[in-house]
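A.B. asks: Just passing along the structure, written as structure tokens.
What follows is calculated from the coordinates using simple rules that are stated; it is not laboratory data. Just so you know, these numbers come straight off a predicted model, no measurement behind them. Using ideal geometry, Cβ is built from the backbone for each residue, glycine included, and neighbour counts are taken over all protein chains shown.
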Amino acid sequence: MRNEVSSLPPARLTRHPDGITAVDAEYLYPGHAAAHIVHHAGRAAIVDVGTNDSVPYLLSALRELAIAPTAVDYLLLTHVHLDHAGGAGALMRWLPNAVAVLHPRGAPHMIDPAKLIAGSKIVYGEERFRRLYGDIVPIPAERVRVTRDGERLSLAGREFEILHTPGHALHHHVFVDLGPGNIFTGDTFGISYRELDGAAGAFIIPTTTPTQFDPDQLCASIDRMLSYAPKAMYLMHYSRVTDVDRLAGSLKSQIRELTRLTRASAAAEDPRGAILQGMWALWRDLAHQQGCPVSDERLRELLRGDLELNAQGLAHWLERRA
């Protein structure tokens, strides 16, 4: 273990207020996915972890922050999509005192990931799944804490409230950092890549990925988070955003428009193509209004994966309605 730790790769860190550090999970490309380390009174929690390939970067970040692996009390996993939780089992092997905190719908899939793996292969395909996620390591059941909606947990006296937030996925919950006024939102508060920050501030989009997207639930979950009047949201994709009310309004407006164009696509010769075309036009126009500093070509390159997965999720939602 000592030799492996000594050869860890350098981690890309962004230090935020309140003892929070974003660690680039190096998933797909830099600046796409961030795990967060919360350090308080000598103890630590990690919010979402990325994939197996992210584990060395998280261990490197702990070393740079002078946090011993034995000081990590929790892995706070917002949901079990593999870009968020795929590396959790592998990371737990390095953190002897950590407990994985999971939604009751997600916990069984991390204890026995067979169904999670099978479902992910349907979305990504066998070859791409192996390349992105590798072998998913189960988490021992005795190291899992299953949450109840509204319960609290303490990190050395720092209180977090857990809210079950369906809409992106039924197994999604978020962690409200009560004292400082932050929320670790997973994917419930959308996606906001820092490269797209413009003159009007952050640019944000919802994530409507397969297979459990529900627009009404997602808008209700956003409103529930807003009721805590948070000063900042910490997203997996990508890290800290403020101006929370404006961003929430943009998300809900986009969710309504995406569901409208998805319903309209049912009459098209190529419904999925119609969804993609409408979504791209919506995001391009919003980016222009926001003053995003990149070209349309670069914007499409950054959003290509989100366009594809969102279109799948919206099409799946339409099929469920039918």
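A.B. asks: Would you work out which of G87, N182, H164 lies farthest towards the positive end of the dipole of the range 2-248? Charges go on Cβ: Lys and Arg +1, Asp and Glu -1.
C.D. replies: G87
A.B. asks: Under a crude label model (7 Å from the Cα following the beta-carbon direction), how far is E269 from A68 in nanometres?
C.D. replies: The answer from the label model is 6.8 nm.
A.B. asks: Can you give the translational diffusion coefficient of the range 9-70 in µm²/s, computed by Stokes-Einstein from the Kirkwood radius over Cα pairs at 25 °C and 0.890 mPa s?
C.D. replies: The estimated diffusion coefficient comes to 214 µm²/s.
A.B. asks: Considering just Cα atoms, how many Å³ per residue does the convex hull of the range 108-161 enclose?
C.D. replies: Taking only Cα atoms, the range 108-161 has a hull volume of 127 Å³ per residue.
A.B. asks: I've got another one for you. What is the list of residues in the range 262-285 whose amide nitrogen lies under 16 Å from a point 7 angstrom out from the Cα of V294, following Cα to Cβ?
C.D. replies: Answer for this model: 280-285.
A.B. asks: When a/c is below 1.5 the answer is rounded, else prolate if a/b is larger than b/c, else oblate, so apply that to the chain with a ≥ b ≥ c taken from the square roots of the Cα gyration tensor eigenvalues.
C.D. replies: Judged from the Cα gyration tensor, the chain comes out prolate (a/c at least 1.5, a/b above b/c).
A.B. asks: For Cα pairs less than 8 Å apart in space and 6+ apart in sequence, what is the mean separation divided by the residue count of the chain, i.e. the relative contact order in percent?
C.D. replies: Relative contact order, the chain: 14 percent.
A.B. asks: I've got another one for you. Sort out for me the Cα centre separation of the range 26-64 from the range 67-140, rounded to whole Å.
C.D. replies: A separation of 14 Å, based on Cα centres.
A.B. asks: Among G134, G179, G119, which one moves the most in a GNM of the chain with springs linking Cα atoms closer than 10 Å?
C.D. replies: So, out of G134, G179, G119, the one fluctuating most is G179.
A.B. asks: Which lysines, if any, have their Cα less than 25 Å from the Cα of K231, not counting same-chain residues under 8 positions apart?
C.D. replies: K252
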